[in-house]
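Here is the structure we will look at.
Bear in mind these aren't lab numbers, they're just calculated from the coordinates by the rules spelled out. These numbers were taken from a predicted model, which means no experiment stands behind them. Cβ atoms come from the backbone with ideal geometry, glycine included; neighbour counts cover every protein chain shown.
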Amino acid sequence: MSDGVVDMKIDPSRAKALSAALQSVSERVGTVAGGRNVRIVAVSKLKPAADILALYNETKLLHFGENYAQELMEKAAVLPREIRWHFIGGLQSNKCKPLTSTIPNLFLVSSVDSQKKATQLDKGRAELHSSQPSDSTLTLGPLNIHIQINTSGEESKSGVTPGSEATDLARHVLTSCPHLNLLGLMTIGAIARSKAVKEGEENEDFISLREERDRLEKELGEELKGRKLELSMGMSDDFEGAIEMGSDEVRVGSTIFGARPPKEDFKVKSQVEAGKS
């Protein structure tokens with residue numbers, strides 16, 4: 001295990017159940033992916049660190065997603081450095097620098113929706129680079145980000161609108177944020193719309209994100225230097241349809257971990273202490 005990993009008790013039956021759930025998701029992904037490599041992100045928000053450690057130990061899954069910055073920072077401090085963390089929740093400007101300056105194995109921030117937040121993430125990553133000792137064996141490249149697109153137009157949803165707003169943000173990342181790597185676009189979409197999609201139909205949010213990706217690749221061709229932008233769309237209820245429409249990443253939580261506890265009842269530190277007893 002890596003430095004900083006806390007010794008936690010793992011229930012063998014829980015570990016096997018989590019492994020079986022992930023295997024089922026992986027098989028479903030493989031069935032519709034048609035040979036494409038689709039990244040599975042296990043969304044572990046409000047789940048104990050012991051669950052993440054159990055799934056990592058059993059399956060060597062690397063990609064885990066968290067929705068709350070403080071929870072992610074606390075979990076990252078006690079879990080293996082090999083884990084590639086994804087921040088997928090609503091991003092507050094004042095959390096950007098703490099998030100990116102303290103977690104060396106933060107792989108991706110998926111919810112970037114403003115130039116201000118991108119700039120703060122870039123500054124945090126730069127601080128992390130400068131704080132690494134000269135003899136460190138950890139190689140830090142640019143931090144991957146997704147631009148979040150509000151494809152449904154819902155006021156309650158974060159994300160930039162498709163079109164010029166998305167173009168301006170993408171261009172800002174590409175030209176003014178040297179410590180960030182624009183990996184692709186993400187959407188959450190309307191849950192009701194997703195549930196209403198019948199077999200053989202296509203989700204309008206997924207169509208919108210795919211079209212926005214194609215537009216940005218064409219408009220920013222020179223600035224992207226020929227790179228393709230990936231799509232992150234699809235969660236527990238609709239990830240198969242998202243993959244059929246070209247998603248390169250799916251975020252699956254409850255299908256792997258089960259129902260979540262209320263947020264007010266969850267504390268990472270107390271969960272870790274309980275796991276050590």
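When you restrict to C-alpha pairs under 8 Å that are six or more residues apart and normalise by the size of segment 14-94, the relative contact order lands at 29 percent. Taken along its three principal axes, the alpha carbon spread of segment 10-157 comes to 46, 42, 30 Å, from the longest extent down to the shortest.
The stretch between LYS218 and SER93, if pulled fully straight at 0.36 nm per residue, gains 42.0 nm over its current Cα-Cα span. Global dimensions of segment 28-104 from alpha-carbon coordinates: Rg and Dmax equal 13.7, 41 Å. Positive end of the dipole of the chain (Cβ unit charges, origin at the Cα centre): among ASN57, PRO261, SER156, the Cα lying farthest that way belongs to ASN57.
Under the simplified labelling scheme, the THR31-ALA77 pair shows an inter-label distance of 4.3 nm, with each label point 7 Å from Cα along Cα→Cβ. Remark: the chain carries a charge dipole of roughly 700 debye about the Cα centre, counting +1 on each Lys and Arg Cβ and -1 on each Asp and Glu Cβ. Just tell me the longest site-free run in the chain, where the sites are trypsin sites (Lys or Arg not before Pro) in a DSSP loop having at most 16 other beta-carbon atoms within 10 Å. Free of exposed loop sites, the longest segment is 82-197. Which pairs in the list LYS60/LYS95; LYS16/LYS60; LYS9/LYS47; LYS75/LYS123 are over 24 Å apart, alpha-carbon to alpha-carbon? Cα-Cα > 24 Å for LYS60/LYS95; rest within. Evaluating kT/(6 pi eta Rh) at 4 °C and 1.567 mPa s, with the Kirkwood radius of the chain over Cα pairs in the Stokes-Einstein relation, gives 67 µm² s⁻¹.
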